[in-house]
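Q: What follows is a single structure, and I will ask about it in a moment.
Just so it is clear, none of the values below were taken in a lab; they were calculated from the coordinates. Values in this document were obtained by computation on a predicted structure and should not be read as measured data. With ideal geometry, Cβ positions are generated from the backbone for all residues, glycine too; neighbour counts draw on all protein chains shown.
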Amino acid sequence: MHEMLKRLMLVELRKQGYHRAQYDTEKDAVLPSPDFPEILMKEHEIWRPREKPDPPFVLGELWQSAKEKAEIERKLVYRTFLPILNKATEMAAAWENAKPMPIRAVSEFRLLSEYNNIVLAARDDGDHGLHFTTWQYDYNRKSVGRGHYTTNYEEAKKDFATRSGLIQEKILFQPEQLKQIYSALLFQGKNDDELTYDTEKGLHAVIEKLETICPDLKELQAQQNREAELEVEL
């Protein structure tokens, strides 16, 4: 596996709370969680185990059927691990294809993109991943200033798009608006019994895309689940 891709996958997994994620040299894959040891994040794909026979019942332990466990793994792969792999792959490719900034003072950064006198650049911080920034060139393009710094790739791309004028900021959804849309979609998915298979599939695709754009939304879903459990207990 490419060294940069491996490091970025581990960084992004730890950002999502998978602090025990590690690279297995023999399998040449990243193991995202010891709770799911058979899920392997490879360079271009994710391997997950095939459904097995139901495990034996053990007194005092939570029993799950093989089908239930496979469904948990499927959701984890497609909602969490696959977006992380895609994001890490995009970042690694952007870094490898970029050239160093042509200004000596910031030559440790690589130029990812530029438009309308605005620059999107990145610096390799080793095990901490990539550090992104957007700058504005001065009038003679011999220096840059007004830097906006972040380790969040999506935020950096959004900042570059709005600062450079590629996208008008007024057409973008703000985080609070995304939360409202996300909550409404979750409510519909749980309570609308008349959803067709295709409609439900499309609904989940939008939910997954929103979770990719704004990872904090998953915590919102977890909070709603906890509140629902409390209501059932009461």
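Q: What is the stretch 100-167's relative contact order, in percent, from Cα pairs under 8 angstrom and six or more apart in sequence? Display every interim value, and only then the final one.
A: Numbers: 113 pairs, mean separation 16.4, N = 68.
Relative contact order of the stretch 100-167: 24 percent.
Q: While we're on this one: Contour minus end-to-end for Lys67 and Ala205, with contour as 0.36 nm per residue of separation and end-to-end as the Cα-Cα distance?
A: Working: separation 138, 0.36 × 138 = 49.68 nm, distance 2.15 nm.
That pair, Lys67 and Ala205, stretches by 47.5 nm at full extension.
Q: Quickly work out the Asn191-to-Arg79 label distance, labels modelled 7 Å from Cα along the C-beta direction, and quote it in nm with one decimal.
A: 1.9
Q: Treating the stretch 96-136 as a set of equal point scatterers at the Cα positions, no solvent, please give the Debye-formula log₁₀ I(q)/I(0) at q = 0.23 Å⁻¹.
A: Rounded to two decimals, the profile gives -0.72.
Q: Can you work out the FRET efficiency for the pair Tyr115 and Gln177, with r the C-beta to C-beta distance and R0 = 25 Å, to the nearest 0.05? Kindly include the intermediate steps, with their values, before the conclusion.
A: Values: r = 26 Å, r/R0 = 1.04.
Using R0 = 25 Å, I get an efficiency of 0.45.
Q: Of Lys27/Lys179; Lys27/Lys158; Lys42/Lys142; Lys15/Lys201, which pairs sit farther than 31 Å apart, going by alpha carbon to alpha carbon? Mind showing how you got there, number by number?
A: Numbers: Lys27/Lys179 39 Å; Lys27/Lys158 36 Å; Lys42/Lys142 42 Å; Lys15/Lys201 28 Å.
In this structure, Lys27/Lys179; Lys27/Lys158; Lys42/Lys142 exceed 31 Å between Cα atoms.
Q: If you take the square roots of the eigenvalues of the alpha-carbon gyration tensor of the stretch 100-167 and sort them as a ≥ b ≥ c, do you get rounded (a/c under 1.5), prolate (a/b over b/c) or oblate?
A: oblate
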